[in-house]
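For reference, the structure is listed below as structure tokens.
The values are calculated or read from the model by the stated rules, or taken from the named source; none is laboratory data. A quick note: this is a predicted structure, and the numbers were derived from the prediction, not measured. Cβ coordinates were reconstructed from backbone atoms using ideal geometry, including for glycine residues, and neighbour counts include every protein chain displayed. Note: accessible area is taken over every heavy atom of the protein model, side chains too, but ligands, DNA and RNA are not part of it. Shrake-Rupley method; radii C 1.70, N 1.55, O 1.52, S 1.80 Å.
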Amino acid sequence: MKLVEETPYRFRIDPVDGMRVPGVVFASRRLLPDLSNDQALTQVANVATLPGVVEASYAMPDVHWGYGFPIGGVCATDIDRGGVVSPGGVGFDISCGVRLYTCDLDRSRFAEVVGPVMDGLARVIPRGMGTGGVWTLSGRDQLDAVLRGGSRYAVERGHGVERDLDRCEDFGAVADADPSQVSERAAQRGMKSLGSLGSGNHFLEVQAVDAVLDERLAEAFGLRVNQICVMIHCGSRGLGHQICSDFVARMERVMPAYDIKVPDRQLACAPVTSPEGQAYLGAMAAAANYARANRQMLGQAARQVFEKETGRTLDLLYDISHNLAKIETHVVDGEERRLCVHRKGATRALPPGHPDLPPDLRDVPGVGQPVLIPGSMGTASYVLSGVEGGPAFASTCHGAGRALSRHQAARSVRGAELRRRLEAQGIAVRGASARGLAEETPEAYKDIDAVIEAAAGAGLARPVARLVPVGVVKG
């Protein structure tokens, strides 16, 4: 595959072999996938063959191989010109995302209460496989209420405050969710998991603001040096996974009826306007609402621990998803078009003044959407801001991006050794299995500082603050 370097942070793959648009990779040379063992760029090219695709098949600085679409992939299709929706362009963990809370507590004060706080979090945060959730639902009717109402339903029942909704993408819930499209198998998988982290790369971290990179934006976001924050990374659990599995199989069956051929069966898709496309979008939105409610419940549990052990509360800075397909209007070739924008392992980065911004940020000049990009365990995370004229349909990366598989990572270090290393760095670790720790060793991921440099250099978002971990709860 030939890559054309357009700028130090932008590379082009010219159309070949059925590609309808170019591929565009936002990265530095250092971050480009190794073509000898990572097929992510081949996947970028494959995505460019989808019916109705416009502009380009984009890849973010953290791009790596995924299911059908690369993780860190962005693609938009024109709904009114045969554009398709592909479950592989969203992923199995639908609406997996990150939320960040701020606390009026300094790092020095947290050091005095780190034990009670971390022990409290370990007690109240369910994690790992099959451990249940914070909220046990009464049955399918209540689950459907969550699938329709997301964080709003949780807050209405006392699990949070109104600000939690103002500072959440879609203000807490996607409007067009259709629980009737969620299979009974998916529903059963979600019934007992609401308010749980799961395993893998999901986490709850207590972090401290290590550096402010833009004073004005940091002030607007309520961030200051040495301030304690809490970051939560998780998604829709087994419910979202089952929905993806259900619809990949369904769309694979119907593609011949729509005369759709794709180079990889994992790109199974259907026209957005088709019954199958509409059914998937309704089920996907329901899973997104489940994920929002899931993070809401975890955040509220953490808030109660902080209030008890420190006397301080947690205020939500923002909650943003990175595995979604959204219907949006963008200008393409000089005209406004209705697009289905797939973001897989990529997040929105809305510009200043956008109507979907929180009300208290929307009218502040130059302040875009808060963007949350976690690093690997034991390394920094970043808060950024959306910028005017951001490329790739106002999108940016969602994390550091894996460089080693979980199996490779587990072979590279012993979990007990990694735990000792983290604790020697002043990071309190709770509840992680030795195997789970080893799979998430920092060496398994790309350098988060290099990823942020590329995101800023490519004009995807503006760095605001750098955060470092002081405590982690993992499955």
Review point. Under the condition of being touching a Leu at 6+ places or on another chain (Cβ under 6 Å) and not small (Gly, Ala, Ser), which residue from the stretch 195-209 is nearest to Val472 (Cα to Cα)?
Key: Gln207
Revision key, fill the gap. Val429 meets each of (1) modelled with pLDDT of 90 or more; (2) part of a helix (DSSP H, G or I) with one exception, condition (2)
Check your understanding: Gly88 versus (1) outside any loop (DSSP other than H, G, I, E, B); (2) over 16 Å from the mean Cα position of the chain (by Cα); (3) touching a residue at least 40 places away in the same chain (Cβ under 8 Å): which is the lone unmet condition?
Key -> (2)
Review point. Taking Leu372, is it in contact with a Ser or Thr (Cβ under 8 Å, 6 or more places away or on another chain), under 22 Å from Gln227 (Cβ atoms) and hydrophobic (A, V, I, L, M, F, W, C)?
Key: yes
Study note, to complete from the structure: Going through the stretch 428-475 in order, the residues found to be among the charged types (D, E, K, R) and open to solvent by 20 Å² or more (accessible area, probe 1.4 Å) are Arg430, Arg435, Glu439, Glu443, Lys446, Asp447, Asp449, Glu453, Arg462, Arg466
Study note, to complete from the structure: In the set Thr49, Thr102, Thr7, the lone residue that is over 25 Å from Ile448 (Cβ atoms) and in contact (Cβ under 8 Å) with a residue 12 or more places away in the chain is Thr49
Study note, to complete from the structure: Among the residues of the stretch 153-194, the number that are surrounded by fewer than 23 Cβ atoms within 10 Å (Cβ to Cβ), in contact with a Phe, Trp or Tyr (Cβ under 8 Å, 6 or more places away or on another chain) and assigned to a helix (DSSP H, G or I) is 1
Exercise for review: Go through the stretch 413-426 residue by residue and tally those that are assigned to a helix (DSSP H, G or I) and either open to solvent by 50 Å² or more (accessible area, probe 1.4 Å) or out of contact with any Ser or Thr (no Cβ under 6 Å at 6 or more places or on another chain) (or both).
Suggested key: 9
Review point. Considering only residues of the stretch 99-146 that are of a type in the set (Lys, Arg) and assigned to a helix (DSSP H, G or I), which is most open to solvent (accessible area, probe 1.4 Å)?
Key: Arg123
**Study point:** Entirely in the stretch 348-412, the strands (runs of 3 or more DSSP E) that have 1 or more residues that are touching a Pro at 6+ places or on another chain (Cβ under 8 Å) and open to solvent by 10 Å² or more (accessible area, probe 1.4 Å)
**Key:** 381-385
Study note, to complete from the structure: Flagged in the stretch 239-292 as open to solvent by 20 Å² or more (accessible area, probe 1.4 Å), within 20 Å of Arg185 (Cβ to Cβ) and under 22 Å from the mean Cα position of the chain (by Cα), in numbering order, are His241, Gln242, Ser245, Asp246
Review point. So, in the stretch 69-78, of the ones that are within 16 Å of His322 (Cβ to Cβ) and out of contact with any Phe, Trp or Tyr (no Cβ under 6 Å at 6 or more places or on another chain), which residue ends up surrounded by the fewest Cβ atoms within 10 Å (Cβ to Cβ)?
Key: Ile71
Review point. Any residue in the stretch 458-468 that is within 27 Å of Thr347 (Cβ to Cβ), of a type outside the set (Asp, Glu), in contact with a Lys or Arg (Cβ under 7 Å, 6 or more places away or on another chain) and part of a helix (DSSP H, G or I)?
Key: no
**Study point:** Boolean, Val24 is in a strand (DSSP E or B) and either hydrophobic (A, V, I, L, M, F, W, C) or free of Cβ contacts under 8 Å to residues at least 24 places away in the same chain (or both)
**Key:** yes
Practice item. Name the single residue, out of those in the stretch 306-323 being open to solvent by 10 Å² or more (accessible area, probe 1.4 Å) and either β-branched (Val, Ile, Thr) or assigned to a strand (DSSP E or B) (or both), that is nearest to Pro271 (Cα to Cα). Key: Asn323
Exercise for review: Only residues in the stretch 420-440 that are under 14 Å from Gly471 (Cβ atoms) count as the first member; pair them with residues that are exposed (fewer than 14 other Cβ atoms within 10 Å of the Cβ), Cβ under 7 angstrom, at least 6 apart or cross-chain, and list the lot.
Suggested key: Val429/Glu423
Point to revise | Check on Gly345, open to solvent by less than 20 Å² (accessible area, probe 1.4 Å), on the phi > 0 side of the Ramachandran plot and not basic (Lys, Arg) | key: yes
Exercise for review: Check whether at least one residue in the stretch 272-282 is at positive phi, of a type outside the set (Asp, Glu), in a loop (DSSP other than H, G, I, E, B) and modelled with pLDDT of 95 or more, and report yes or no.
Suggested key: no
Study note, to complete from the structure: Per the filter on the stretch 55-68, residues open to solvent by less than 10 Å² (accessible area, probe 1.4 Å) and not charged (D, E, K, R) are Ala56, Ser57, Ala59, Met60, Pro61, Val63, Gly66, Gly68
